[in-house]
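All remarks here apply to the structure that follows.
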There are 2 protein chains.
Amino acid sequence: MKVLDELSKTHLALSQSELESTFRKVDRITLYRALRDFEEAGIVHKIVDMNGTTRFAICSDDCPDATHNEEHVHFNCQRCHKMFCLQHTHIPDIQLPPGFTHSGINVLVQGVCNKCS
Amino acid sequence: MKVLDELSKTHLALSQSELESTFRKVDRITLYRALRDFEEAGIVHKIVDMNGTTRFAICSDDCPDATHNEEHVHFNCQRCHKMFCLQHTHIPDIQLPPGFTHSGINVLVQGVCNKCS
DNA sequence: TATACAAACGCAACAGTGTTGCATTTATTT
DNA sequence: AAATAAATGCAACACTGTTGCGTTTGTATA
(Lines give C-alpha, C1' and ligand atoms only; values in the text may rest on other atoms or scores of the structure.)
Protein backbone atom coordinates (compact mmCIF):
# COMPACT_ATOMS: atom_id res chain seq x y z
CA MET A 1 0.00 0.00 0.00
CA LYS A 2 1.07 3.51 -0.84
CA VAL A 3 -0.06 4.71 2.53
CA LEU A 4 2.44 2.50 4.27
CA ASP A 5 5.11 3.60 1.82
CA GLU A 6 4.41 7.20 2.63
CA LEU A 7 4.48 6.61 6.35
CA SER A 8 7.66 4.61 6.08
CA LYS A 9 9.47 7.42 4.32
CA THR A 10 9.29 9.58 7.38
CA HIS A 11 9.42 9.27 11.09
CA LEU A 12 6.72 11.85 11.35
CA ALA A 13 3.23 11.07 12.48
CA LEU A 14 0.91 12.24 9.76
CA SER A 15 -2.69 13.29 10.08
CA GLN A 16 -5.30 11.86 7.82
CA SER A 17 -5.71 15.12 5.94
CA GLU A 18 -1.97 15.28 5.35
CA LEU A 19 -2.12 11.81 3.89
CA GLU A 20 -5.15 12.71 1.85
CA SER A 21 -3.36 15.55 0.13
CA THR A 22 -0.44 13.29 -0.68
CA PHE A 23 -2.61 11.08 -2.83
CA ARG A 24 -5.49 13.18 -3.91
CA LYS A 25 -7.25 10.44 -5.77
CA VAL A 26 -8.14 8.46 -2.69
CA ASP A 27 -11.42 8.90 -0.93
CA ARG A 28 -11.18 9.93 2.69
CA ILE A 29 -13.30 6.98 3.83
CA THR A 30 -11.02 4.52 2.11
CA LEU A 31 -8.08 6.11 3.82
CA TYR A 32 -9.89 6.12 7.13
CA ARG A 33 -10.59 2.42 6.86
CA ALA A 34 -7.09 1.59 5.73
CA LEU A 35 -5.63 3.43 8.69
CA ARG A 36 -8.06 1.81 11.07
CA ASP A 37 -7.18 -1.63 9.78
CA PHE A 38 -3.45 -0.93 9.88
CA GLU A 39 -3.78 0.16 13.43
CA GLU A 40 -5.73 -2.91 14.43
CA ALA A 41 -3.16 -5.03 12.71
CA GLY A 42 -0.43 -3.33 14.70
CA ILE A 43 1.30 -1.92 11.66
CA VAL A 44 0.81 1.71 12.51
CA HIS A 45 0.05 3.46 15.74
CA LYS A 46 -2.28 6.31 16.37
CA ILE A 47 -1.53 9.35 18.47
CA VAL A 48 -3.45 12.47 19.22
CA ASP A 49 -1.35 15.62 19.12
CA MET A 50 -1.63 18.62 21.36
CA ASN A 51 -4.32 20.14 19.19
CA GLY A 52 -6.47 17.05 19.27
CA THR A 53 -5.52 16.04 15.75
CA THR A 54 -5.20 12.31 15.28
CA ARG A 55 -1.98 11.23 13.63
CA PHE A 56 -0.56 7.98 12.41
CA ALA A 57 2.95 6.66 12.29
CA ILE A 58 4.58 3.46 11.17
CA CYS A 59 5.49 1.10 13.95
CA SER A 60 9.19 0.41 14.09
CA ASP A 61 10.55 -3.12 14.08
CA ASP A 62 10.93 -3.23 17.80
CA CYS A 63 7.45 -1.92 18.37
CA PRO A 64 5.67 -4.60 20.36
CA ASP A 65 2.41 -5.48 18.69
CA ALA A 66 0.12 -4.55 21.49
CA THR A 67 1.86 -1.77 23.27
CA HIS A 68 2.83 0.45 20.34
CA ASN A 69 3.52 3.99 21.26
CA GLU A 70 4.13 3.18 24.86
CA GLU A 71 7.69 2.56 23.90
CA HIS A 72 8.77 5.93 22.64
CA VAL A 73 8.18 9.59 23.14
CA HIS A 74 6.32 11.78 20.69
CA PHE A 75 7.42 15.29 20.03
CA ASN A 76 5.25 18.08 18.72
CA CYS A 77 7.10 21.06 17.29
CA GLN A 78 5.27 24.30 17.91
CA ARG A 79 6.94 26.01 14.98
CA CYS A 80 6.46 23.59 12.11
CA HIS A 81 3.71 21.66 13.87
CA LYS A 82 5.21 18.36 12.84
CA MET A 83 5.00 15.42 15.15
CA PHE A 84 8.06 13.27 15.52
CA CYS A 85 8.32 9.75 16.79
CA LEU A 86 11.45 9.87 18.87
CA GLN A 87 12.17 6.21 18.39
CA HIS A 88 15.12 6.19 20.70
CA THR A 89 13.77 8.31 23.46
CA HIS A 90 12.24 5.84 25.82
CA ILE A 91 9.63 6.50 28.41
CA PRO A 92 10.77 6.38 32.01
CA ASP A 93 8.90 4.41 34.63
CA ILE A 94 6.13 6.25 36.35
CA GLN A 95 5.03 5.37 39.84
CA LEU A 96 1.25 5.36 40.03
CA PRO A 97 -0.80 5.79 43.20
CA PRO A 98 -1.90 2.54 44.91
CA GLY A 99 -4.77 0.80 43.17
CA PHE A 100 -3.94 2.13 39.76
CA THR A 101 -2.54 -0.34 37.25
CA HIS A 102 -1.09 0.79 34.00
CA SER A 103 -1.47 -0.81 30.63
CA GLY A 104 -0.10 1.89 28.39
CA ILE A 105 1.61 5.24 28.45
CA ASN A 106 1.63 8.12 26.09
CA VAL A 107 4.20 10.86 26.38
CA LEU A 108 3.88 13.94 24.26
CA VAL A 109 6.52 16.61 24.48
CA GLN A 110 5.95 20.05 23.04
CA GLY A 111 8.74 22.33 22.02
CA VAL A 112 10.93 23.24 19.10
CA CYS A 113 12.48 20.59 16.89
CA ASN A 114 16.08 20.40 15.73
CA LYS A 115 15.31 21.91 12.34
CA CYS A 116 13.31 24.84 13.63
CA SER A 117 15.67 25.85 16.40
CA MET B 1 -19.32 30.20 38.01
CA LYS B 2 -21.04 26.89 38.31
CA VAL B 3 -18.65 25.36 35.84
CA LEU B 4 -15.71 26.01 38.11
CA ASP B 5 -17.69 24.68 41.06
CA GLU B 6 -18.38 21.50 39.21
CA LEU B 7 -14.77 21.06 38.17
CA SER B 8 -13.59 21.81 41.67
CA LYS B 9 -15.74 19.08 43.15
CA THR B 10 -13.76 16.41 41.41
CA HIS B 11 -10.25 15.69 40.37
CA LEU B 12 -11.54 14.29 37.15
CA ALA B 13 -11.06 15.93 33.82
CA LEU B 14 -14.49 16.41 32.33
CA SER B 15 -15.40 16.67 28.70
CA GLN B 16 -17.57 19.44 27.44
CA SER B 17 -20.51 17.13 26.87
CA GLU B 18 -20.22 15.81 30.41
CA LEU B 19 -20.36 19.35 31.67
CA GLU B 20 -23.26 20.14 29.37
CA SER B 21 -25.37 17.37 30.82
CA THR B 22 -24.63 18.58 34.32
CA PHE B 23 -26.33 21.87 33.67
CA ARG B 24 -28.71 21.28 30.86
CA LYS B 25 -29.87 24.85 30.62
CA VAL B 26 -26.60 26.19 29.31
CA ASP B 27 -25.91 26.54 25.64
CA ARG B 28 -22.93 24.61 24.37
CA ILE B 29 -21.37 27.72 22.85
CA THR B 30 -21.54 29.56 26.13
CA LEU B 31 -19.86 26.64 27.81
CA TYR B 32 -17.29 26.44 25.05
CA ARG B 33 -16.42 30.09 25.47
CA ALA B 34 -16.32 29.86 29.25
CA LEU B 35 -13.92 26.93 29.08
CA ARG B 36 -11.78 28.66 26.51
CA ASP B 37 -11.54 31.77 28.65
CA PHE B 38 -10.82 29.79 31.79
CA GLU B 39 -8.05 28.01 30.02
CA GLU B 40 -6.53 31.22 28.72
CA ALA B 41 -6.77 32.66 32.19
CA GLY B 42 -4.91 29.65 33.55
CA ILE B 43 -7.75 28.54 35.78
CA VAL B 44 -8.36 25.23 34.09
CA HIS B 45 -6.22 23.10 31.85
CA LYS B 46 -7.18 21.20 28.79
CA ILE B 47 -6.14 17.66 27.96
CA VAL B 48 -7.00 15.33 25.16
CA ASP B 49 -7.71 11.78 26.27
CA MET B 50 -6.75 8.60 24.48
CA ASN B 51 -9.90 8.75 22.38
CA GLY B 52 -9.25 12.26 21.21
CA THR B 53 -11.87 13.74 23.51
CA THR B 54 -10.92 17.10 24.92
CA ARG B 55 -11.30 17.35 28.66
CA PHE B 56 -10.94 20.09 31.22
CA ALA B 57 -9.77 20.07 34.80
CA ILE B 58 -9.29 22.65 37.48
CA CYS B 59 -5.74 23.74 38.01
CA SER B 60 -4.49 23.03 41.48
CA ASP B 61 -2.97 25.74 43.63
CA ASP B 62 0.54 24.76 42.77
CA CYS B 63 -0.22 24.68 39.08
CA PRO B 64 2.12 27.20 37.47
CA ASP B 65 0.13 29.55 35.31
CA ALA B 66 1.78 28.82 32.06
CA THR B 67 2.87 25.24 32.30
CA HIS B 68 -0.31 23.65 33.63
CA ASN B 69 -0.54 19.97 33.01
CA GLU B 70 3.15 19.56 32.59
CA GLU B 71 3.32 19.13 36.29
CA HIS B 72 1.24 16.04 36.79
CA VAL B 73 0.29 12.82 35.12
CA HIS B 74 -3.13 12.13 33.68
CA PHE B 75 -4.69 8.73 34.00
CA ASN B 76 -7.36 7.34 31.74
CA CYS B 77 -9.26 4.36 33.14
CA GLN B 78 -10.25 1.94 30.43
CA ARG B 79 -13.12 0.55 32.49
CA CYS B 80 -15.01 3.63 33.64
CA HIS B 81 -13.35 5.88 31.06
CA LYS B 82 -12.80 8.58 33.60
CA MET B 83 -9.74 10.72 33.40
CA PHE B 84 -7.94 11.49 36.62
CA CYS B 85 -5.50 14.25 37.34
CA LEU B 86 -2.90 12.50 39.44
CA GLN B 87 -1.89 15.66 41.22
CA HIS B 88 0.89 14.06 43.11
CA THR B 89 2.35 11.92 40.40
CA HIS B 90 4.99 14.09 38.86
CA ILE B 91 6.48 13.76 35.46
CA PRO B 92 10.06 12.56 35.32
CA ASP B 93 12.68 14.31 33.26
CA ILE B 94 12.97 13.18 29.71
CA GLN B 95 16.17 13.44 27.77
CA LEU B 96 15.47 14.71 24.27
CA PRO B 97 17.73 14.22 21.25
CA PRO B 98 20.14 17.08 20.51
CA GLY B 99 18.50 20.12 18.95
CA PHE B 100 15.13 19.51 20.50
CA THR B 101 14.05 21.88 23.21
CA HIS B 102 11.04 21.20 25.32
CA SER B 103 8.45 23.65 26.50
CA GLY B 104 5.80 21.32 27.81
CA ILE B 105 5.09 17.70 28.50
CA ASN B 106 1.95 15.70 28.56
CA VAL B 107 1.86 12.26 30.10
CA LEU B 108 -1.21 10.14 29.72
CA VAL B 109 -1.32 6.75 31.36
CA GLN B 110 -3.95 4.21 30.44
CA GLY B 111 -5.03 1.44 32.72
CA VAL B 112 -7.49 0.58 35.44
CA CYS B 113 -8.20 2.98 38.26
CA ASN B 114 -8.36 2.21 41.96
CA LYS B 115 -12.13 1.96 42.02
CA CYS B 116 -12.44 -0.30 39.01
CA SER B 117 -9.73 -2.75 39.95
C1' DT C 1 -34.52 56.70 37.90
C1' DA C 2 -33.74 56.56 33.15
C1' DT C 3 -30.30 56.11 29.72
C1' DA C 4 -26.00 54.46 27.61
C1' DC C 5 -22.63 51.04 27.28
C1' DA C 6 -20.49 46.75 28.10
C1' DA C 7 -20.56 41.91 29.04
C1' DA C 8 -22.79 37.51 28.75
C1' DC C 9 -25.78 34.57 26.21
C1' DG C 10 -28.03 31.80 22.61
C1' DC C 11 -28.80 30.81 17.85
C1' DA C 12 -27.54 30.03 13.00
C1' DA C 13 -24.13 28.46 10.37
C1' DC C 14 -20.06 26.19 8.59
C1' DA C 15 -15.93 23.18 8.42
C1' DG C 16 -13.59 19.08 9.84
C1' DT C 17 -13.63 14.43 11.68
C1' DG C 18 -15.29 9.87 12.97
C1' DT C 19 -18.35 6.39 11.60
C1' DT C 20 -21.73 3.30 9.23
C1' DG C 21 -24.64 1.46 5.41
C1' DC C 22 -25.05 0.52 0.77
C1' DA C 23 -24.11 0.06 -3.90
C1' DT C 24 -20.45 -0.45 -7.34
C1' DT C 25 -16.17 -1.75 -8.88
C1' DT C 26 -12.17 -4.78 -8.75
C1' DA C 27 -9.94 -9.20 -7.60
C1' DT C 28 -9.87 -13.87 -6.69
C1' DT C 29 -11.43 -18.56 -6.90
C1' DT C 30 -13.46 -22.37 -8.98
C1' DA D 1 -16.67 -17.44 -17.62
C1' DA D 2 -19.34 -17.44 -13.49
C1' DA D 3 -19.59 -16.96 -8.54
C1' DT D 4 -17.73 -15.02 -4.50
C1' DA D 5 -15.05 -12.08 -1.79
C1' DA D 6 -12.67 -7.79 -1.02
C1' DA D 7 -11.83 -2.99 -1.78
C1' DT D 8 -13.71 1.43 -3.00
C1' DG D 9 -16.56 5.59 -3.16
C1' DC D 10 -20.69 8.02 -1.99
C1' DA D 11 -24.48 9.61 0.95
C1' DA D 12 -25.54 10.50 5.33
C1' DC D 13 -25.34 11.57 10.17
C1' DA D 14 -23.47 12.95 14.69
C1' DC D 15 -20.35 15.55 17.27
C1' DT D 16 -16.86 19.14 17.95
C1' DG D 17 -14.60 23.49 17.22
C1' DT D 18 -15.31 28.03 15.82
C1' DT D 19 -17.16 32.62 14.38
C1' DG D 20 -20.69 36.23 13.54
C1' DC D 21 -24.68 38.48 15.01
C1' DG D 22 -28.56 39.86 17.38
C1' DT D 23 -30.75 39.80 22.09
C1' DT D 24 -30.68 39.84 26.86
C1' DT D 25 -28.75 41.15 31.21
C1' DG D 26 -26.04 43.89 34.08
C1' DT D 27 -23.44 48.05 35.27
C1' DA D 28 -22.35 52.73 35.27
C1' DT D 29 -23.39 57.44 34.39
C1' DA D 30 -26.14 61.59 33.82
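Considering only A:Gln16, A:Gln87, A:Gln95, the mean-square fluctuation computed in a Gaussian network model of chain A, springs between alpha carbons under 10 angstrom, is largest for A:Gln95.
Per residue, the accessible area of the protein assembly as shown comes to 55 Å², computed with a 1.4 Å probe over protein heavy atoms only.
With +1 on the Cβ of every Lys and Arg and -1 on the Cβ of every Asp and Glu, and nothing else charged, how large is the dipole of the protein assembly as shown about its Cα centre, in debye rounded to the nearest 20? Could you put the intermediate results ahead of the total?
On the way: 24 positive and 30 negative charges, 163 e Å.
Taking the Cα centre of the protein assembly as shown as origin, the dipole is about 780 debye.
Each of A:Gln87 and B:Glu39 was given a label point 7 Å from its Cα along the Cα-to-Cβ line. The distance between the two points is 3.3 nm. Diffusion coefficient (Stokes-Einstein, Kirkwood radius over C-alpha pairs, 10 °C, 1.306 mPa s) for region A:2-111: 108 µm²/s, rounded to a whole number. Given a 1.4 Å probe and the protein chains as shown, A:Tyr32 ends up with an accessible area of around 120 Å². About the centre of its Cα atoms, chain A shows a dipole size close to 620 debye [charges on the beta carbon of Lys, Arg (+1) and Asp, Glu (-1) only; nearest 20 debye].
Chains B and A: what accessible area do they bury, summed, in square angstrom to the nearest 100, with a 1.4 Å probe? Could the numbers behind the result be given before it?
Working: alone 7660 and 7650 Å², together 12880 Å².
That pair hides around 2400 Å² of surface in total.
For chain B, lysine pairs separated by 8 or more sequence positions, or belonging to different chains, with Cα-Cα distances below 18 Å total 7.
Taking Cα atoms only, the orientation of helix A:28-40 departs from the longest principal axis of chain A by about 40 degrees.
When the accessible area of the protein assembly as shown is computed with all protein chains present and a 1.4 Å probe, what percentage of it is carbon and sulfur? On the protein assembly as shown, the fraction of accessible area on carbon and sulfur atoms equals 48 percent. What residue among B:His72, B:Ile58, B:Ala13 has its Cα farthest toward the positive end of the dipole of region B:2-111, where the charges are +1 on Lys, Arg and -1 on Asp, Glu, each on the Cβ? The residue sitting farthest along the positive end of the dipole is B:Ala13. What fraction of the DSSP beta bridges in chain B is antiparallel, stated in percent and rounded to the nearest 5? Around 75 percent antiparallel, to the nearest 5. Backbone phi angles across region A:105-114, fed through the Karplus curve with coefficients 6.51, -1.76 and 1.60 (θ = phi - 60°), yield HN-Hα couplings of 9, 10, 10, 10, 9, 9, x, 10, 7, 5 Hz in residue order; Gly and Pro are listed as x. Within the listed set A:Asp49, A:Asp37, A:Asp27, the residue fluctuating most in the Gaussian network model of chain A (springs between alpha-carbon atoms under 10 angstrom) is A:Asp27.
The values are calculated or read from the model by the stated rules, or taken from the named source; none is laboratory data. Because the structure is a prediction, the values reported are computed rather than measured. Every residue, glycine among them, receives a Cβ derived from its backbone with ideal geometry; neighbour counts consider all protein chains shown. Note: areas computed on protein heavy atoms with side chains; ligands, DNA, RNA excluded. Shrake-Rupley method; radii C 1.70, N 1.55, O 1.52, S 1.80 Å.
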